[in-house]
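Reviewing the structure listed below.
The values are calculated or read from the model by the stated rules, or taken from the named source; none is laboratory data. What you see is a predicted model; the values in this text were computed from it and never measured. Here Cβ is always computed from backbone atoms with ideal geometry, including for glycine, and neighbour counts include all displayed protein chains.
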Amino acid sequence: MRTAVLISGRGSNLQAILEAEEEKNLGDANVVLVISNNSEAKGVILASNYSKNIEILDIEEGEDTLIKILMKHEIELIVLAGFMKILSSDFVSRYVNKIINIHPSLLPSFPGLNAQRQALESGVKISGCTVHFVNEEVDDGPIILQSAVEVLDEDTEVDLASRILKEEHKILPNAISLVSQGKLDVVGRKVRIVK
Ligand code: GRF
């Protein structure tokens with residue numbers, strides 16, 4: 001499955017995906033393209049180290065350009081891995097159940113920005129991360145995989161974020177593998193793994 005990974009920054013999830021691909025742990029997904037809306041993103045250097053095609057999305061350019069790029073590369077699966085741009089409902093409706101996102105909380109708790117800070121401030125004892133299909137709402141689509149971590153009394157935002165990130169690096173490649181092998185049944189908001 002021809003896959004594009006969209007990033008905006010550090011790219012540690014991109015790295016986890018590319019490592020999984022090298023280890024043949026990405027199912028039938030083939031990362032053929034990395035798109036960044038930030039030319040300075042560390043993830044861009046990473047992508048070039050892995051000899052991936054890279055496209056930089058100019059901040060001024062709208063979704064038409066993004067769609068053209070995706071069509072040019074015949075992309076079938078879009079992975080948002082720290083992509084800090086909200087996609088319009090028009091865009092999302094072109095790619096129903098073909099866009100997945102990683103979010104650093106156990107959705108539906110703490111959608112949006114600074115999810116780890118939101119978790120700490122709310123006093124929850126458990127947080128984690130979620131991979132979900134993208135729908136028209138922000139951080140809202142059908143949930144594919146989640147992983148939980150403990151929130152410790154002494155945790156700073158950085159501590160919690162790094163504990164969650166380790167789990168992100170596991171569930172995102174796993175979810176890509178499942179999607180690419182057609183192993184998911186989506187009925188309404190529920191996603192079942194086909195045995
Ligand atoms: C991750 O925490 C991800 O959950 C969120 O943005 C961050 C991206 O980190 N959507 P990285 O660029 O993959 O290191």
Restricting the stretch 11-36 to residues that are within 12 Å of the ligand (Cβ to nearest atom) and not β-branched (Val, Ile, Thr), the residue that is farthest from Ser177 (Cα to Cα): Ser36
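Answer yes or no: is there a residue in the stretch 81-99 that is in contact with a Gly (Cβ under 6 Å, 6 or more places away or on another chain), within 12 Å of the ligand (Cβ to nearest atom) and within 23 Å of Gly62 (Cα to Cα).
Taking the stretch 81-99 and keeping what is in contact with a Gly (Cβ under 6 Å, 6 or more places away or on another chain), we get 82.
After this cut, where a residue has to be within 12 Å of the ligand (Cβ to nearest atom) as well, the list is 82.
Pick out the ones that are also within 23 Å of Gly62 (Cα to Cα) and you get 82.
There is at least one residue in the stretch 81-99 that is in contact with a Gly (Cβ under 6 Å, 6 or more places away or on another chain), within 12 Å of the ligand (Cβ to nearest atom) and within 23 Å of Gly62 (Cα to Cα).
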Could you give every pair whose Cβ atoms fall below 6 Å, whose first residue belongs to the stretch 100-113 and is among the hydroxyl-bearing types (Ser, Thr, Tyr), and whose second residue is within 11 Å of the ligand (Cβ to nearest atom), counting only separations of at least 6 or pairs across chains? Ser105/Ala115
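One line per residue, one yes/no per condition, for (1) touching a Ser or Thr at 6+ places or on another chain (Cβ under 9 Å); (2) more than 16 Å from the ligand (Cβ to nearest atom); (3) at pLDDT 95 or above; (4) outside any loop (DSSP other than H, G, I, E, B):
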{"position": "Ser39", "(1), (2), (3), (4)": "no, no, no, no"}
{"position": "Ala47", "(1), (2), (3), (4)": "yes, no, yes, yes"}
{"position": "Ser51", "(1), (2), (3), (4)": "no, yes, yes, no"}
{"position": "Glu61", "(1), (2), (3), (4)": "no, yes, no, no"}
Hits in the stretch 45-70 - residues which are under 24 Å from Ser88 (Cβ atoms) and among the basic types (Lys, Arg): Lys68
crowded, with 16+ Cβ neighbours inside 10 Å, within 16 Å of the chain's Cα centre (by Cα) and assigned to a helix (DSSP H, G or I): does that describe Asn13? yes
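Do we find a residue being assigned to a helix (DSSP H, G or I), in contact with a Ser or Thr (Cβ under 9 Å, 6 or more places away or on another chain), without any contact (Cβ under 8 Å) to a residue 60 or more places away in the chain and not hydrophobic (A, V, I, L, M, F, W, C) anywhere in the stretch 65-80? Steps first, answer last, please.
Keep residues of the stretch 65-80 that are assigned to a helix (DSSP H, G or I), which gives 65-72.
When the remaining residues are screened for being in contact with a Ser or Thr (Cβ under 9 Å, 6 or more places away or on another chain), the result is none.
Within the stretch 65-80, none of the residues are assigned to a helix (DSSP H, G or I), in contact with a Ser or Thr (Cβ under 9 Å, 6 or more places away or on another chain), without any contact (Cβ under 8 Å) to a residue 60 or more places away in the chain and not hydrophobic (A, V, I, L, M, F, W, C).
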Within the stretch 123-134, identify whether any single residue is within 22 Å of Ile75 (Cα to Cα) and among the aliphatic types (A, V, I, L, M), and answer yes or no. yes
Of all residues making up the stretch 107-142, the number that are more than 14 Å from the ligand (Cβ to nearest atom), of a type in the set (A, V, I, L, M, F, W, C) and surrounded by 14 or more Cβ atoms within 10 Å (Cβ to Cβ): 3
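Inside the stretch 17-75, can you point out the residues that are small (Gly, Ala, Ser) and either buried (at least 20 other Cβ atoms within 10 Å of the Cβ) or within 12 Å of Arg2 (Cα to Cα) (or both)?
Correct list: Ala20, Gly27, Ala29, Ser36, Ala41, Gly43, Ala47.
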Filtering the stretch 82-95 down to residues that are modelled with pLDDT of 95 or more and among the aliphatic types (A, V, I, L, M) yields Val92
